[in-house]
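Inspection log for the structure reproduced underneath, given as structure tokens.
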Amino acid sequence: MLWDLGFRHHPDLATKRIVPPMRGQRNSLNGAVALVGVDEPDPAPEVIQDPATLTAEGQEAQLEEYRKLGRLPAAVPSVEGAEIVSGPLFDPSEHTVSAVNGYLLAPIPVVEKRRVMAAEMASKKPRQGILNAPQNRGL
């Protein structure tokens, strides 16, 4: 259309040139595009910091910023030895003293043993045969 109206491009007559935007879509429709003189130098390129040059705290700070922006999923803290327990939990009130002591002798995590002992202590009638058993002391 401009050609039909008589506008012609001649590179020797140009006094301005387009500099692509630093960020976003790299085309002339981006609002950050710049029109500069033909003899002006190109702007310095965008510098992205190398994470290897940062301290561990600096790296964590950058990762947290990406999490806030939604570019990384939220950090899930890992706990040494944590596990998901599924199914019904062992209830000492539903078992005999010898069954509870047998359960506590089994190779189960200490956290579970402590939970069972706490449930027994919190019951209406704590059984001394469980609480005073030598293998259960210190839980």
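The values are calculated or read from the model by the stated rules, or taken from the named source; none is laboratory data. Keep in mind it's a predicted model, so treat the numbers as computed, not measured. Every residue, glycine among them, receives a Cβ derived from its backbone with ideal geometry; neighbour counts consider all protein chains shown. To get the accessible areas, we keep the full protein, side chains included, count just its heavy atoms, and leave off ligands, DNA and RNA. Shrake-Rupley method; radii C 1.70, N 1.55, O 1.52, S 1.80 Å.
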* Asked: Yes or no: Asp12 outside any loop (DSSP other than H, G, I, E, B) and exposed (fewer than 10 other Cβ atoms within 10 Å of the Cβ)?
  -> yes
* Keeping to the range 17-30, report how many residues are without any contact (Cβ under 8 Å) to a residue 12 or more places away in the chain and either open to solvent by 80 Å² or more (accessible area, probe 1.4 Å) or touching a Ser or Thr at 6+ places or on another chain (Cβ under 7 Å) (or both). => 3
* To do: Kindly state which helices (runs of 4 or more DSSP H) lie completely within the range 40-127 and contain at least 3 residues that are exposed (fewer than 10 other Cβ atoms within 10 Å of the Cβ).
  => 56-69
* Among all residue pairs at least 6 apart or on different chains, which show Cβ distances below 8 Å where the first residue, located in the range 1-16, is under 19 Å from Ala34 (Cα atoms) and the second is not aliphatic (A, V, I, L, M)? -> Thr15/Gly37; Lys16/Gly37
